[in-house]
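The values are calculated or read from the model by the stated rules, or taken from the named source; none is laboratory data. Owing to the predicted nature of the structure, the values given are computational and were not obtained by experimental measurement. Using ideal geometry, Cβ is built from the backbone for each residue, glycine included, and neighbour counts are taken over all protein chains shown. Heavy atoms of the whole protein, side chains included, go into the accessibility calculation; ligands, DNA and RNA do not. Shrake-Rupley method; radii C 1.70, N 1.55, O 1.52, S 1.80 Å.
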Amino acid sequence: MTFLIYGANGYTGELIAREAVQRGLRPIVAGRNADKIEPLARELGLKARAFPLTAPQLDGVDAVLHCAGPFVHTSAPIVRACLAAGVHYLDITGEIAVFESIMAMNDAAVQRGVTLIPGVGFDVVPTDCLAAMLAARLPSATELELAFFSPKAELSRGTLKTMIESIGEGGAIRRDGKIVRVPPAYATREIPFSCGPRMAMTIPWGDVSTAFHSTGIPNIRVYTGASPKSIARMRRIRSFLPLLGIKPVKRLLQAFVNGRSGPSETKRAAGRTYLWGRAANATNEVTMTMTTPEGYAFTVLSALAAVERLLASPRRPGSFTPSRFFGAEFVTTIEGVELT
């Protein structure tokens, strides 16, 4: 079985390619720029392909692991090419719009015999599996809250560009089964993480989309740990955020972060992320906490595990969240994950 990593010259894509080689895997590394992808291929002893999004080269490939964001611009042409070629698709997106569009392609994927699994990295494997575990413990739940806290987290260039791409859209929650746009830091609460209580604010995390598809719970909010000062700052500036969504402003901001890389190997190895979840109905609630490796370190492990499991599984065409395809316990198979 052969898989292709598209965006292998990016921060996360390169980490995944290097780990794949360490495991004895031989993926094809691909990207838009031959001058960037071919040196990496030579170093790792892998085959390389350079092609634009408008003309994907998927001959001889069984699956694509798509790592080049912002996915709101890059995922659709790759998904269409995978459907046309009968090639399975996975990505590491965290973008609500991308999840919703791929879930809407279920019938086309079934007809083509193709499996589509977006979000096989830190976005959204830990929270998606946590949501599924909570739903299994309280099947009648009508509310779901998920939260994560990454102390001293650093973001890669690609992650920052993706965040800038959606900066003008504000926040999002799921209400009565529908995705509703709300102001940034719309709601706050103290979260009892396993590392201690921490204030948190709502963010438009991918689970606003995926947790509904995984659990059917109609009311969903996702929080990230933030200091009271950070929350107050976000609320002060949120009325100006639509201005940052103007295309020329977004492009200027994205150019500004071009020099960014991502956390060093030392920081990836030492970092931890703390997660909490709560499912509730009118009379009962269940809560769980989880600890995972640092976000990028987790993404490397979970993305490769997802590719290997997909290629080793009987064919199940359609659009899936990670927990729906691999099961809620998938996250516990990733090294360094603890249910606490």
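Just to be sure I understand: of the beta bridges DSSP finds with both ends in the chain, what percent are antiparallel, rounded to 5?
Values: 33 of 58 bridges.
If I count the DSSP bridges inside the chain, around 55 percent turn out antiparallel.
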For residue 178, counting only aspartates and glutamates whose alpha-carbon sits under 15 Å away and dropping same-chain residues fewer than eight positions off, the answer is 100, 143, 207
Taking the alpha-carbon centre of each part, the distance from segment 297-340 to segment 25-90 in Å is 20 Å
The local net charge around residue 325, scoring Lys/Arg +1 and Asp/Glu -1 for residues other than residue 325 whose Cβ lies under 14 Å from its Cβ, equals 0
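Determine the gain in length on full extension of the stretch residue 55-residue 315; use 0.36 nm per residue of separation and subtract their C-alpha separation, reporting nm with one decimal. Kindly include the intermediate steps, with their values, before the conclusion.
On the way: separation 260, 0.36 × 260 = 93.60 nm, distance 2.60 nm.
Stretched out fully, the residue 55 to residue 315 stretch lengthens by 91.0 nm.
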In whole Hz, the Karplus estimates of ³J(HN,Hα) for segment 209-223 (6.51, -1.76, 1.60; θ = phi - 60°; x where Gly or Pro) are 8, 5, 4, 5, 5, 7, 10, x, 5, x, 10, 9, 9, 10, 10
Classified through the alpha carbon gyration tensor (a ≥ b ≥ c as square roots of its eigenvalues; rounded if a/c is under 1.5, else prolate when a/b is larger than b/c, else oblate), segment 40-115 comes out oblate
Note on segment 66-154: alpha-carbon gyration tensor, axes a ≥ b ≥ c; rule is a/c under 1.5 for rounded, else prolate if a/b larger than b/c, else oblate; result oblate
The long-range amide H neighbours of residue 185, using H built 1.01 Å from N in the peptide plane and a cut-off of under 5 Å, are 202
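With +1 on each Lys and Arg Cβ and -1 on each Asp and Glu Cβ, how big is the dipole of segment 1-146 about its Cα centre, in debye rounded to the nearest 20? All intermediate terms of the calculation are to be shown ahead of the outcome.
Working: 11 positive and 15 negative charges, 112 e Å.
Here segment 1-146 has a charge dipole of around 540 debye.
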Using alpha-carbon positions, the gyration tensor of segment 281-340 gives root eigenvalues a ≥ b ≥ c; with a/c under 1.5 called rounded, otherwise prolate if a/b exceeds b/c, else oblate, the class is oblate
Residue by residue through segment 83-98, the couplings from Karplus 6.51 cos²θ - 1.76 cosθ + 1.60 with θ = phi - 60°, in Hz, x for Gly and Pro, are 5, 5, 8, x, 10, 5, 10, 9, 8, 10, 5, x, 8, 4, 4, 5
To the nearest 20 debye, the chain has a Cα-centred charge dipole, built from +1 on Lys and Arg Cβ and -1 on Asp and Glu Cβ, of 880 debye
For residue 267 the rounded accessible area (nearest 10 Å², probe 1.4 Å, non-protein molecules ignored) is 110 Å²
Looking only at aspartates and glutamates whose Cα falls under 15 Å of residue 36's and that sit 8 or more positions away or on another chain, we get 14
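Once you charge only the Cβ atoms, +1 for Lys and Arg and -1 for Asp and Glu, what is the size of the charge dipole of segment 72-129 about its Cα centre, to the nearest 20 debye? Numbers along the way, then the final one.
Values: 2 positive and 6 negative charges, 54 e Å.
Dipole size: approximately 260 debye.
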Farthest towards the positive end of the dipole of the chain, among 314, 86, 124 and with Cβ unit charges of +1 on Lys and Arg and -1 on Asp and Glu, lies the Cα of 124
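Note down the relative contact order for the chain as a percent, whole number, built from C-alpha pairs under 8 angstrom at least six residues apart. Could you put the intermediate results ahead of the total?
Numbers: 737 pairs, mean separation 74.0, N = 340.
It rounds to 22 percent for the chain.
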Segment 189-230 and segment 119-159 have their Cα centres apart by a whole-number Å value of 8 Å
Carbon and sulfur atoms account, in whole percent of the 1.4 Å probe accessible area of the chain, for 53 percent
Straight-line reach check, residue 247, cutoff 16 Å on alpha carbons, 8 or more apart in-chain or any other chain, hits among lysines -> 161
GNM on the chain, Cα springs under 10 Å; top mean-square fluctuation among 231, 96, 246 goes to 246
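Report, in deg cm²/dmol and to the nearest 500, the calculated mean residue ellipticity at 222 nm for the chain, where each DSSP H run with n ≥ 4 adds -39500 (n - 2.57) and the sum is divided by the residue count. Write out the running numbers ahead of the final one.
Details: 14 runs with 137 residues, N = 340.
So the helix-based figure for the chain works out to -11500 deg cm²/dmol.
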From most to least accessible, 1.4 Å probe, no ligand or DNA/RNA atoms counted, 301, 144, 252 line up as 252, 301, 144
